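Okay, so here's the structure we're looking at.
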Amino acid sequence: MARPKTVGRTMRAAHQLKLAGKGELAMAVELIDVHTPKNQELSLIARRCLLMMLEAAAGDAWKAEPHRIAKKDLRGSHKAMDRVRPAFEELMGVWFSHADTLGKAKSTRMFHLLEGINDQDDETSSAFVEFSFTARARQMLERSEVYARLSREAIIKFQSRYSLRLYEIGAAIYCKRDPTWSGEVGELRKLLHVTPDTYPNFSDFRKRVLEPAKAEIAQLAEFDFSWEEITSGRQVRRIRMVFTAKPGHAALAAAEENDRHSVGRKPRRTGDVQQL
């Protein structure tokens, strides 16, 4: 008799969250550290589509079967798929790497995330997209034991790709006994898919990446984060980020903001809302 498969905590949690129907999904932490061709930036819409696809597949993502997602869920308020199809091209190039062995020697195994995407030539409300994960990706999802619990509403509200990336990282860390991430600036840039020629000066990186991400996460997420810059001479060499759960009233305010229309969100964040 064949030994039954043992599905990890991530897929079990994804199944339960889908049954609960509260708009939450479980993302395997392995999906935080993805690679792109030539280490290019993964666009906001591509990352958002990937998370929506994971929500649609839920606890069945590890199974050797295609999954479906409604086109209207991917395109949001837009009536056409013109913004989403380029994102599909990006996602087909996403890959992973991990330590392995080949023969008796150590090796590095590389594999893609998606095996295929089948996009219907239909734009009606019932149209859908079918997608499937590669065998290696399914194995990774099946065995995953650690996940980040994400809010669907927050995912679709973030306006910065870096905010969304840091939201994923923070969601996986803030409930831990040690809710910190630390590493060299180059490691953080790679994790956030900030290419070397984008904001090469740390002052620009702080202004264009970290500060806007902190502002959006403070407004939309159930946690917040701060960072410490560790210098050597005049250069910032390392970053230490601390993710902390918000107190009840602040978490409630973030949930209420997620229910509000995006128009006026930035003025509400900066306190520039005019009283009529």
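Here are some notes:
- Only one of the listed residues (261, 193) is of a type outside the set (D, E, K, R), on the phi > 0 side of the Ramachandran plot and modelled with pLDDT under 90. That residue is 193.
- Checked against the criteria, residue 67 does not count as touching a Lys or Arg at 6+ places or on another chain (Cβ under 8 Å), of a type outside the set (A, V, I, L, M, F, W, C) and surrounded by fewer than 19 Cβ atoms within 10 Å (Cβ to Cβ).
- Taken residue by residue, segment 77-93 has at least one member that is touching a residue at least 24 places away in the same chain (Cβ under 8 Å), assigned to a loop (DSSP other than H, G, I, E, B) and open to solvent by 50 Å² or more (accessible area, probe 1.4 Å).
- Residues that are in a helix (DSSP H, G or I) and surrounded by fewer than 17 Cβ atoms within 10 Å (Cβ to Cβ), drawn from segment 4-30: 9, 12, 15, 16, 19, 20
- Of all the listed residues (56, 70, 61), the sole one being without any contact (Cβ under 8 Å) to a residue 24 or more places away in the chain and under 21 Å from residue 119 (Cβ atoms) is 56.
- Just one of the listed residues (189, 240, 208) is open to solvent by 70 Å² or more (accessible area, probe 1.4 Å), assigned to a helix (DSSP H, G or I), of a type outside the set (Phe, Trp, Tyr) and within 24 Å of residue 42 (Cα to Cα), namely 208.
- Each residue in segment 31-47 was checked for being in a helix (DSSP H, G or I), under 16 Å from residue 191 (Cα atoms) and open to solvent by 10 Å² or more (accessible area, probe 1.4 Å), and 4 of them qualify.
- Condition check for residue 256: open to solvent by 20 Å² or more (accessible area, probe 1.4 Å), modelled with pLDDT of 95 or more and either out of contact with any Asp or Glu (no Cβ under 6 Å at 6 or more places or on another chain) or farther than 25 Å from residue 174 by Cβ (or both): no
The values are calculated or read from the model by the stated rules, or taken from the named source; none is laboratory data. As the structure is a computational prediction, the values presented were derived from the model and not from experiment. We place every Cβ from the backbone using ideal geometry, glycine too, and count neighbours over all the protein chains shown. Note: areas computed on protein heavy atoms with side chains; ligands, DNA, RNA excluded. Shrake-Rupley method; radii C 1.70, N 1.55, O 1.52, S 1.80 Å.
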